[in-house]
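Since the structure comes first, as structure tokens, the remarks are kept for the end.
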Amino acid sequence: MEYISLNNGIKIPALGYGVFKVDPSECERCVTDAINVGYRMIDTAQFYANEEAVGNAVRKSGISREEFFIVTKIWICNSGEAKAEESLKESLRKLQTDYVDLLLVHQPFGDYYGTYRTLEKALADGRARAIGVSNFYADRFHDLACHVKVMPAINQLETNVFSQQTEMRELLSQTGTKAMAWGPMAQGKENFFDHEVLKAIGAKYGKTASQVGLRFLVQQGIPAIPKTTDVKRMKENIDIFDFVLDEEDMTILMTLNLHDKGTRDYTDLTYASRIIAQKF
Ligand SMILES: NC(=O)c1ccc[n+]([C@@H]2O[C@H](COP(=O)([O-])OP(=O)(O)OC[C@H]3O[C@@H](n4cnc5c(N)ncnc54)[C@H](OP(=O)(O)O)[C@@H]3O)[C@@H](O)[C@H]2O)c1
């Protein structure tokens, strides 16, 4: 495993396992498989309703807690200092741990300043080793970064070969914040797994399209958290540390950047009305 240093000195594994849309009933088995295959970073969230299953798998693995890197995120309906605090206690209870390695504000809605103050408190009292945000685009990120005590260590964004976040990464570099890739395989969109360019580059190294797409991220210092419920694919996705994409291939992959900022527009009316409908 390769590691990436965060702005507070903590090292994050370059690759982890994500559990968005992994059914709570299946999640413990999936995380156990992922651990057995070698994953030590697990990315969950209050919203995914599977923190307890993650906690069970980690505890039952028999591997010491220090070897894991557990990420969770405070959901919008728990925004604000007091609610975020209560929800953090609940997350730690479900995860069966005294601390998380990375604690994020999931989306820039609600009283996320209050939520962030709870994160700062958790960092200070050892319940989080690093803190950050997710889906904070330029305006919200810039605004938050100007008014908090602790700079976010991470901004977890939709990042993959088709959405490379080059502009956001430039902005983040000003605060020492690292981008972390959700949807690192574009959730299969744009024919990711059968993409001719990814496959052709992969053929040079004896690797698949997913391995090329994931290597492209980690080689640029972007931690990625691919999701799959299939153990064969878990093995495939983590098997990216025995090759290096050469400069020519990196340059070709950079040309695949179809929509730099990602495919989800948080300022879009449809998305806004979905958020309002949740009545947080
Ligand atoms: N912060 C946020 O707002 C946010 C948003 C979305 C996701 N995330 C995090 O990021 C993680 C990953 O993102 P994601 O799940 O949206 O997308 P993703 O990892 O890019 O893609 C997942 C999809 O790819 C398939 N897949 C995985 N490996 C494969 C392989 N080697 N060959 C063929 N198909 C493969 C999976 O299907 P199978 O499961 O059937 O294999 C699933 O349909 C999530 O699990 C979550 O932890 C965070």
Within region 230-279, helices (runs of 4 or more DSSP H) holding 3 or more residues that are at pLDDT below 95: 269-277
The listed residue being assigned to a helix (DSSP H, G or I) and touching an Asp or Glu at 6+ places or on another chain (Cβ under 6 Å), out of ALA34, ALA122, ALA53: ALA53
Boolean, ILE12 is aliphatic (A, V, I, L, M) and closer than 30 Å to PHE243 by Cα: yes
Residues being in contact with a strand residue (DSSP E or B) (Cβ under 6 Å, 6 or more places away or on another chain) and near the ligand (Cβ under 10 Å from one of its atoms) - total across region 1-40: 3
Candidate set from region 200-229 (those that are farther than 17 Å from ASP242 by Cα and within 12 Å of the ligand (Cβ to nearest atom)); member that is surrounded by the fewest Cβ atoms within 10 Å (Cβ to Cβ): THR229
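Name the residues in region 1-31 that are surrounded by 19 or more Cβ atoms within 10 Å (Cβ to Cβ) and assigned to a helix (DSSP H, G or I), would you?
Within region 1-31, CYS27, GLU28, CYS30, VAL31 meet the criteria.
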Residues that are of a type in the set (A, V, I, L, M, F, W, C), surrounded by fewer than 19 Cβ atoms within 10 Å (Cβ to Cβ) and more than 23 Å from GLU158 (Cβ to Cβ), drawn from region 37-79: VAL37, ILE63
Residue list for region 175-193, restricted to those being more than 6 Å from the ligand (Cβ to nearest atom), open to solvent by 80 Å² or more (accessible area, probe 1.4 Å) and at negative phi: LYS189
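Conditions (1) touching a residue at least 60 places away in the same chain (Cβ under 8 Å); (2) in a helix (DSSP H, G or I); (3) touching a strand residue (DSSP E or B) at 6+ places or on another chain (Cβ under 6 Å); (4) more than 16 Å from TYR17 (Cα to Cα), marked per residue:
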| residue | (1), (2), (3), (4) |
| --- | --- |
| VAL58 | no, yes, no, no |
| ILE63 | no, no, no, yes |
| THR72 | no, no, yes, no |
| THR97 | no, no, no, yes |
Per-region count, region 249-274, residues basic (Lys, Arg) and surrounded by 13 or more Cβ atoms within 10 Å (Cβ to Cβ): 2
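How about region 142-174: which of its residues are surrounded by fewer than 20 Cβ atoms within 10 Å (Cβ to Cβ) and either small (Gly, Ala, Ser) or over 21 Å from ASP265 (Cα atoms) (or both)?
Across region 142-174, the qualifying residues are ALA145, CYS146, HIS147, VAL148, LYS149, VAL150, MET151, SER173, GLN174.
The values are calculated or read from the model by the stated rules, or taken from the named source; none is laboratory data. None of the values given here were measured: they were computed from a predicted structure. Every residue, glycine among them, receives a Cβ derived from its backbone with ideal geometry; neighbour counts consider all protein chains shown. Each accessible area value is taken on the protein alone, full model and side chains, heavy atoms only, with ligands, DNA and RNA left out. Shrake-Rupley method; radii C 1.70, N 1.55, O 1.52, S 1.80 Å.
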